[in-house]
1. Return the whole-Å distance between the Cα centroid of the range 19-77 and the Cα centroid of the range 322-337.
2. Starting from the exponent 0.38 and prefactor 2.2 Å, build the expected Rg for the chain from its residue count and divide its actual Cα Rg by it.
3. Past the 32 Å Cα-Cα mark, which pairs from 8/400; 287/308; 60/249?
4. Just the accessible area for residue 248, please: 1.4 Å probe, Å², rounded to the nearest 10?
5. Among DSSP bridges having both ends in the chain, what percentage is antiparallel? Round to the nearest 5.
6. Once a ≥ b ≥ c are taken as the square roots of the eigenvalues of the Cα gyration tensor of the range 269-319, is the result rounded (a/c under 1.5), prolate (a/b larger than b/c) or oblate (a/b not larger than b/c)?
7. Can you give the angle from 0 to 90° between the axis of helix 254-264 and the longest principal axis of the chain, with both taken from C-alpha atoms, to the nearest 10?
8. Hey, which lysines would be in cross-link range of residue 144, C-alpha to C-alpha under 19 Å, not counting anything within fewer than 8 residues on its own chain?
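The values are calculated or read from the model by the stated rules, or taken from the named source; none is laboratory data. Quick caveat: nothing in here was measured; it's all calculated off a predicted structure. FYI the Cβ positions are ideal-geometry reconstructions off the backbone, even for glycines, and counts take in every protein chain you see. To get the accessible areas, we keep the full protein, side chains included, count just its heavy atoms, and leave off ligands, DNA and RNA. Shrake-Rupley method; radii C 1.70, N 1.55, O 1.52, S 1.80 Å.
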Amino acid sequence: MVKEHQLKVHNSLSGQKETFEPINKDYVGMYVCGPTVYSNVHLGNVRTFMSFDMIYRYLKFLGYKVRYVRNITDVGHLLDDTDEDKISKKARLEKLEPMEIVQKYTVDFHEVLRKFNNFPPNVEPTATGHIVEQIEITQDLIAKGLAYESNGSVYFDVKKYNEEGGDYGVLSNRNIEELFANTRTLDGQDEKRNPQDFALWKKALPEHIMRWPSPWGDGFPGWHLECTVMSTKYLGEQFDIHGGGMDLKFPHHECEIAQAKGAYGHSPVKYWLHANMLTLNGQKMSKSTGNTILPNELITGENDFFEKGFSPMVIRFFMMQAHYRSMLDFSNDALLASEKGYNRLMEAIKTLEGLTTSATSSVHIQEWATKLYAAMDDDFNTPILIAHLFDGVKMINSIKDGSETITAEDLEVLATTIKGFVFEVLGIQNEEGGNANTEKLDGVIKMLIDMRVQARTDKNWALSDQIRDQLAALGIQLKDGKEGTTYTF
């Protein structure tokens, strides 16, 4: 049963926040454009997939049954209708088969997202696994008069689509009639009828490696077609959420809408959601300028931008501190501040276990918990959520030092709520407690704390100080308080 919440999402189609009402009650179909696997996944891609992982997590947290589909583009990716695809190009450079390139970078993609604690999708179809369906929808669009064959390639006829009631440009707010009016086409310059037409199927030149037989000769599908085929195959002709980066809004998602409406007679998606981009030290990330960094370089510290490496969970926490639709700038100072915030949050959650309960509560837990849901119900507003989580941290620390009180019942709500939103919704893991060796380490530190307590009882101040100082040198800080000695990393 879905918890009763009035979730609002920003729909790129209307440009407004809309109340989220799935097509089928309690069930959500969500499709997210996946990677083109010809190189290591970059940090901007990671942010997009992490944003939709958070959205997926919150929908599940509310009780929805979600089918999350994210594709793998493994047939190449044309920059325009004439370029060789990126996978074939990389295969030539690395002297490998195209499918070796696909396998190499698909594995990298999965490994990187696993480090950041992203859930895998429920279905992860590949473009090469759906060539037959892509040919079929192309034939259907030709039969409907919305596509045409030209020199072995097939193009979607944007002008014809709009003349027959289509709305190409509806998602990106582009006036296609103006584009037609302002475009001058020279005779014989192009095999397309109009410059705005896009490829459904491309003829393979003799040197093109990736190719499949079709009614129009050997070729390969256009980039936009695979997402229409795979999203509707696994989610139905109409589904709830389609996500991706803002850079895909035009032309990719615009073309998806046109193809699906042309084929099925109705718009395929109820809510279009788009995640924003990253910058690095205030500038656009770009391979050509060198202002770029791979996720693993950020984790290991092997780069020229940051003074040290940052753990995947600190990076994830940092990304969650910005709204998914906002630009996010990576800088050394910002990540250092985020690391402190992450450690403070994890320490507070750890402190929950030792809190003393009272007969009454001086803190308002239900009121606080309501604010957490309200933040996420407002288009997944993670920065506001995190601000309220730190209000919870203040409460925990105030209860610990005795300036506030809490009942056992309220403590259970506090613990369940803060852990639910941190671990389940934001997907943050406690890296300190992330593996089996942590318990052993915890036991060793507690043994040293006991030795230090005994040394202080014996007035062996030199040994007491030595234990404290050597632990501090390893990054483990001891804290002496009323309840005894605790430690933090």
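1. 22
2. Normalised Cα radius of gyration, the chain: 1.17.
3. From the list (8/400; 287/308; 60/249), the Cα-Cα distance tops 32 Å for 8/400.
4. My reading of the accessible area for residue 248 is about 30 Å².
5. Antiparallel bridges make up about 50 percent of those DSSP assigns within the chain.
6. Working: a/c = 2.82, a/b = 1.50, b/c = 1.88.
Verdict is oblate for the range 269-319.
7. The answer is roughly 60 degrees.
8. Filter leaves 159, 160, 192, 261.
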